[in-house]
Amino acid sequence: MALATIIVGVFGCVAYYYLSNLALDAVYPPRGPDAGRNINKALAIRPWLFLGPAIILLSLYLVYPVFNSVWLSFHDASGDRFIGFDNYVWMIGDEKFRESMRNNILWLIVVPALSTLFGLIAAAITDRISWGNFAKSMIFMPMAISFIGAAVIWKFIYDYRGEGSQEIGLLNALIETLGAEPKAWLTLQPWNNFLLMAVLIWIQTGFAMVILSAALRGIPEETIEAGILDGASPLQLFWRIKVPQIWGTIAVVWTTITILVLKVFDIVLAMTNGQWGSQVLANLMFDWMFRANDAGRASTIALVIMLMVTPIMIWNIRNARKESL
């Protein structure tokens with residue numbers, strides 16, 4: 001099925017663009033007495049013809065769900081009875097929602113900062129060593145793993161079998177070797193939240209490294225040579241000359257990871273399912289939608305996530321446009 005989907009999708013797109021282009025040229029032929037007018041009309045229509053399917057699909061899968069979520073947030077669990085702002089009142093007073101907000105804010109502070117910092121350091125170091133390309137491949141490799149796959153890997157690292165059982169978790173095995181008692185790490189509050197964050201940091205460091213490495217290589221050599229002539233040390237060259245020149249790229253990487261963090265779901269679901277004080281907004285929304293079958297409350301939480309993501313996305317898009325000018 002996956003192979004068939006790829007074949008149909010790829011060749012279907014190629015066929016659409018090829019046939020639609022032929023049809024447009026047939027309606028407005030680029031030859032004859034009206035060739036100039038036809039070419040201008042075709043040039044005006046062609047972008048919309050090519051973008052049409054994407055616009056329709058985006059409207060169907062992104063725009064419509066937003067309006068539908070707003071509508072459902074004012075209705076009961078079944079979505080049939082209008083209840084006004086009851087779902088919003090419930091959300092403000094719900095302890096699990098407040099826990100999710102606290103955890104999401106904690107994720108927003110820790111994960112983008114450490115992922116960007118580690119990525120920046122990795123980019124600087126790997127560009128200076130002979131086996132840097134191999135090191136970059138190893139650091140970037142977690143990006144090829146799904147979030148669920150990464151969660152399973154790290155769940156084995158944190159695994160705890162209990163007293164009297166042989167520990168198979170890497171962390172507990174290491175602790176036992178050092179003479180300490182193994183622990184059920186994923187149940188230890190609030191440290192379990194940081195252990196979950198470590199998984200996303202491990203994944204996103206490779207992304208940050210690749211983007212920032214390209215930015216570092218784009219720094220004009222003249223500025224670095226000027227710093228060397230002025231007697232700057234390697235650390236001063238890096239933090240005071242190189243980093244300020246790629247600050248825009250750092251900000252883009254930071255905000256991109258921030259948007260991802262706001263939607264974090266897979267890791268929490270697979271490792272703790274929101275238990276032991278580790279609940280986040282996306283997982284709470286999933287619980288209400290698919291376990292409690294309450295479309296109203298789930299939609300209310302979804303709108304909160306959307307409102308948190310939107311300003312960051314707008315800033316990111318504007319910053320990217322400024323960078324391209």
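The values are calculated or read from the model by the stated rules, or taken from the named source; none is laboratory data. Every value quoted in this text rests on a predicted model; they were computed, and no experiment measured them. Counting neighbours? That spans all protein chains shown, and the Cβs are built from the backbone with ideal geometry, glycine included. The accessibility values were calculated without ligands, DNA or RNA, using every heavy atom of the protein model including side chains. Shrake-Rupley method; radii C 1.70, N 1.55, O 1.52, S 1.80 Å.
Details
- SER69 falls short on exactly one of the conditions (1) under 27 Å from the mean Cα position of the chain (by Cα); (2) of a type outside the set (Asp, Glu); (3) loosely packed, with under 14 Cβ neighbours inside 10 Å; (4) within 30 Å of ASP294 (Cα to Cα), and that condition is (3).
- Condition check for ILE56: in a helix (DSSP H, G or I) and either under 21 Å from LEU260 (Cα atoms) or in contact with a strand residue (DSSP E or B) (Cβ under 7 Å, 6 or more places away or on another chain) (or both): no
- Filtering segment 51-68 to residues that are farther than 20 Å from ILE301 by Cβ and among the hydroxyl-bearing types (Ser, Thr, Tyr) leaves only SER59.
- Residue within segment 51-73 that is in contact (Cβ under 8 Å) with a residue 40 or more places away in the chain and of a type in the set (Val, Ile, Thr) present: yes
- Flag if LEU171 is among the aliphatic types (A, V, I, L, M), crowded, with 18+ Cβ neighbours inside 10 Å and in contact with a Gly (Cβ under 6 Å, 6 or more places away or on another chain): no
- Selected residue [open to solvent by less than 50 Å² (accessible area, probe 1.4 Å), assigned to a loop (DSSP other than H, G, I, E, B) and farther than 30 Å from VAL210 by Cβ] from ALA77, ALA42, ALA15: ALA77
- VAL280, sole failed condition from (1) surrounded by fewer than 20 Cβ atoms within 10 Å (Cβ to Cβ); (2) in contact (Cβ under 8 Å) with a residue 60 or more places away in the chain; (3) out of contact with any Pro (no Cβ under 9 Å at 6 or more places or on another chain); (4) of a type outside the set (D, E, K, R): (1)
- Filter result (aromatic (Phe, Trp, Tyr) and within 17 Å of GLY149 (Cα to Cα)) within segment 178-206: TRP202
- Residue within segment 23-30 that is part of a strand (DSSP E or B), loosely packed, with under 14 Cβ neighbours inside 10 Å and over 28 Å from the mean Cα position of the chain (by Cα) present: no
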